[in-house]
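The values are calculated or read from the model by the stated rules, or taken from the named source; none is laboratory data. Keep in mind that what you see is a predicted model, and the values were worked out from it rather than measured. Note that we place each Cβ from the backbone using ideal geometry, even for glycine, and neighbour counts take in every protein chain shown. For the accessible areas, the whole protein counts, side chains as well, though only heavy atoms, and no ligand, DNA or RNA atoms are used. Shrake-Rupley method; radii C 1.70, N 1.55, O 1.52, S 1.80 Å.
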Amino acid sequence: MGFDEVTALHLVGPADAFVAAALDDGYGNRIPCYEVHTIGVFSHRFRAEGGLMFETRETLSTAPVLDTIVVAGGRGIRRPEVSDKVAAWILKRVNDTRRIGAVCTGVYGVAPTGLLNGREVTTHWRFARDLARRFPRLRLDHRKPFVQDGPYYTTTGLNGGVNLSLAMIQEDYGPYVAQSVEQELALRLTKEDQEEFPSDTVPVDNHPIDRFSDLVAWVIRNLHADLSVEVLARRTCMCPSHFSKVFKSVFGEPPSDFVQNLRLNEARRRLSKRQKTLRTVAASVGFSSPDSFHRAFERKFGSRPSSYLDDRQQTCVAASNGSHESQALEEIA
């Protein structure tokens with residue numbers, strides 16, 4: 001999302017990274033991994049710190065339901081009228097959103113919600129003292145360039161937005177897709193540049209993914225179903241052994257690990273929904289027993305799935321308790 005006096009690269013960097021994330025279908029076509037929406041906080045048009053003008057299709061009032069929200073940084077987000085509006089909107093969306101990222105000073109738009117209280121965050125060193133003063137319940141360490149604490153991501157530096165996006169892409173699709181995005185963004189070299197560039201960092205050719213055109217999308221729609229290697233291989237008209245080799249070469253992990261990561265990420269998102277229980281969430285994403293779901297969830301996220309239910313119940317409390325910024329937000333909401 002953007003606003004007047006946004007840092008342009010904080011907005012464009014993550015958007016371009018998510019747009020660059022794509023799968024090769026084996027026939028020379030690319031399947032986008034994400035649908036990206038750029039959102040204006042106050043209107044469809046706003047001006048960046050450097051004078052660039054942006055025009056968006058969506059504003060806060062028209063934005064669709066989003067899996068991921070990324071708040072850009074810049075001088076504008078440090079103004080209370082901007083940060084309070086962003087924070088109030090996030091509070092209304094948090095139960096329908098899987099994760100939230102803040103690029104550098106974008107954390108000023110998330111901190112007033114109270115959702116980051118007690119969590120580790122980072123921001124640009126120049127604003128660390130002010131952020132700590134205004135939001136003393138944050139565990140702030142500006143020395144770290146990137147911090148993930150649960151479903152909240154913060155980062156610093158001019159390229160922080162790209163790094164944040166790469167971390168999210170790797171979480172969703174594995175290291176190979178994230179590496180491909182990094183190479184797409186960073187290594188668009190001329191022939192002369194490539195001759196001088198270290199050979200071990202020249203982009204590798206995309207692996208062909210014959211008959212994989214709609215597999216990932218189908219898996220996401222059918223997380224509750226049987227997603228064994230045999231089932232996936234049959235859907236792509238491959239033998240299981242060959243399918244497993246091709247899949248791992250593309251996604252960087254075996255099919256079973258990839259499917260389980262998708263199931264766990266979706267389970268974490270569904271746990272934030274109202275009127276959901278651990279048992280129903282586990283079953284809805286394909287776990288045969290609550291015990292196996294608990295074990296897998298703790299291995300991946302380092303916390304019990306029940307803690308996400310507790311966070312959901314405390315969301316309204318977080319919006320009304322704490323600093324005077326949070327109390328002002330209650331009136332805005």
Open item on the list: What are the ³J(HN,Hα) couplings of the range 255-265, residue after residue, when phi is run through the Karplus curve with 6.51, -1.76, 1.60 and θ = phi - 60°? Round to Hz, x for glycine and proline.
Closed with: x, 5, 5, 4, 5, 5, 4, 4, 5, 5, 4
- [ ] Kindly flag which residue pairs out of Lys85/Lys300; Lys273/Lys300; Lys85/Lys276; Lys85/Lys144; Lys144/Lys248 have an alpha-carbon separation exceeding 23 Å in this structure.
- [x] Lys85/Lys300; Lys85/Lys276; Lys85/Lys144; Lys144/Lys248
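Can you tell me the relative contact order of the range 1-65? Whole percent, Cα pairs under 8 Å, sequence separation 6 or more. Spell out each step's value before the answer.
Details: 100 pairs, mean separation 23.1, N = 65.
Once normalised by length, the contact order is 36 percent.
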TODO: Starting from the amide H of Gly2, placed 1.01 Å from N in the peptide plane, find each other amide H under 5 Å away whose residue is 5 or more places distant or on another chain.
DONE: Ile39, Gly40, Val41
- [ ] Using only alpha carbons, build the gyration tensor for the range 47-116 and give me the equivalent ellipsoid semi-axes, biggest first, whole Å.
- [x] 19, 15, 11
Open item on the list: So if I place +1 on the C-beta of Lys and Arg and -1 on the C-beta of Asp and Glu, and nothing else carries charge, what would the dipole magnitude of the range 82-137 be about its Cα centre? I want it in debye, nearest 20.
Closed with: 20 debye
TODO: Provide Rg over Rh for the range 75-187; use the alpha carbon set for both Rg and the Kirkwood Rh (inverse mean inverse pair distance).
DONE: 0.98
Task: In the range 8-78, the trypsin sites (Lys or Arg not before Pro) that fall in loop regions by DSSP, at most 16 other Cβ within 10 Å - done: Arg57
TODO: Could you size up the charge dipole of the range 1-134 around its Cα centre, putting +1 on the beta carbon of Lys and Arg and -1 on that of Asp and Glu, and report it in debye to the nearest 20?
DONE: 600 debye
Task: ³J(HN,Hα), Karplus 6.51/-1.76/1.60, whole Hz, each residue of the range 30-45, x for Gly, Pro - done: 10, 9, x, 7, 9, 10, 9, 10, 9, 10, x, 5, 10, 7, 6, 10
Task: Karplus-derived HN-Hα couplings along the range 100-117 (A = 6.51, B = -1.76, C = 1.60, θ = phi - 60°), whole Hz, x at Gly and Pro - done: 9, x, 10, 8, 6, 6, x, 4, 5, x, 9, 4, x, 5, x, 5, 9, 4
TODO: Order these peptides, 221-230, 87-96, by their mean beta-carbon neighbour count within 10 angstrom, highest first.
DONE: 87-96, 221-230
Open item on the list: Can you list residues from other chains, or at least 5 along the same chain, whose modelled amide H is less than 5 Å from the amide H of Gly101?
Closed with: Ile69, Val70, Val71, Tyr153
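When the solvent-accessible surface of protein heavy atoms is calculated with a 1.4 angstrom probe, in what order do Arg234, Arg268, Arg134 fall, highest first? Each step should come with its number before you reach the end.
Details: Arg234 160, Arg268 10, Arg134 40 Å².
Ranked from most to least accessible, the order is Arg234, Arg134, Arg268.
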